[in-house]
Amino acid sequence: MAAKAKVLRSLLLLLPIMINVASTAAATAGASTPATPSSYINHTVGGVAGWSFNSTTNKTSTDFSAWAANQTFNLGDYLIFNTNTNQTVIQTYNETTYRNCTMDDASDTDTFEYQGGSNDFGEPLTIAVPLTIEGLQYYFSDADDGLQCLNGMAFEITVRHGLGLPPSLNQPPPPPYVEPPSTIEEQSPPVTIISSPRSDGMRNGVHFPFMVLIICLVLYLF
């Protein structure tokens, strides 16, 4: 009986520790596996501050890296840039391009610029960027020769699978470009035309009266 009581007391002492370990494991598992969202989300970049840069103070309208760190991004979501034509919106999957704050050496397959269609400075515009690829991606403004980016006009995000792409964004890629057939007709081989020798009408015409004259002369003599 004494031995059993000792084992029971030991188990009672270990019970709180076991409960604490189980709770910690459950919390860790929940943190590593984010819940699947119930819908797609439009993320307004920078919140109410928008995507803006003060060229006088060389300061951004907000801390965009801090804003991005508090968001959860999934396929099918949109980034909404409330901005104006003094800023640009560059999306890239190339970290080197992002660190250099310029598109000068970027590839057309991994870096894209979104424009509002206006060349006038200070014109307000809204740019919507769909998230269509999972993984790490980067955004920045290369305006003022990259000065805006160097002063904080940049952030990176990680896009998760979530609900997957909606049908409106899950379109197959366009077929590869094929050179259209030439419209110039191939040249036909030259055709050789054989012409018959030309008859000399004048020469044949001279012989006929001469023969008539000879016949008349013979008939006159005989």
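So which of THR36, THR44 is open to solvent by 70 Å² or more (accessible area, probe 1.4 Å) and either closer than 24 Å to SER141 by Cβ or at pLDDT 60 or above (or both)?
THR36
Say we look at segment 47-62 and pick out the residues that are over 18 Å from VAL89 (Cβ atoms) and part of a loop (DSSP other than H, G, I, E, B); which of these is least open to solvent (accessible area, probe 1.4 Å)?
ASN58
Filter segment 70-88 down to the residues that are open to solvent by 20 Å² or more (accessible area, probe 1.4 Å) and in contact with a Gly (Cβ under 7 Å, 6 or more places away or on another chain), then identify the one that is modelled with the highest pLDDT.
Looking at residues that are open to solvent by 20 Å² or more (accessible area, probe 1.4 Å) and in contact with a Gly (Cβ under 7 Å, 6 or more places away or on another chain), I get ASN82.
What's the total number of residues in segment 64-110 that are outside any loop (DSSP other than H, G, I, E, B) and of a type in the set (Val, Ile, Thr)?
Number of matching residues: 7.
For segment 55-67, check the following and say yes or no: at least one residue is in contact with a helix residue (DSSP H, G or I) (Cβ under 6 Å, 6 or more places away or on another chain), at positive phi and at pLDDT 95 or above.
no
Within segment 89-109, count every residue that is in contact with a Ser or Thr (Cβ under 9 Å, 6 or more places away or on another chain) and crowded, with 16+ Cβ neighbours inside 10 Å.
Summing the residues that are in contact with a Ser or Thr (Cβ under 9 Å, 6 or more places away or on another chain) and crowded, with 16+ Cβ neighbours inside 10 Å in segment 89-109 gives 11.
Could you check CYS149 against (1) modelled with pLDDT of 95 or more; (2) open to solvent by 30 Å² or more (accessible area, probe 1.4 Å); (3) over 21 Å from the mean Cα position of the chain (by Cα) and say which number it fails?
Only one criterion is unmet by CYS149, namely (2).
So which pairs qualify, if the first residue must be in segment 80-106 and under 26 Å from TYR40 (Cβ atoms) and touching a residue at least 24 places away in the same chain (Cβ under 8 Å), the second must be charged (D, E, K, R) and open to solvent by 70 Å² or more (accessible area, probe 1.4 Å), the Cβ gap must be under 6 Å, and the two must be at least 6 apart or on different chains?
ILE90/GLU113
The values are calculated or read from the model by the stated rules, or taken from the named source; none is laboratory data. Because the structure is predicted, anything quoted here is derived from the model rather than measured. Counting neighbours? That spans all protein chains shown, and the Cβs are built from the backbone with ideal geometry, glycine included. Remember, those area values only see protein heavy atoms, side chains included, never the ligands or the DNA or RNA. Shrake-Rupley method; radii C 1.70, N 1.55, O 1.52, S 1.80 Å.
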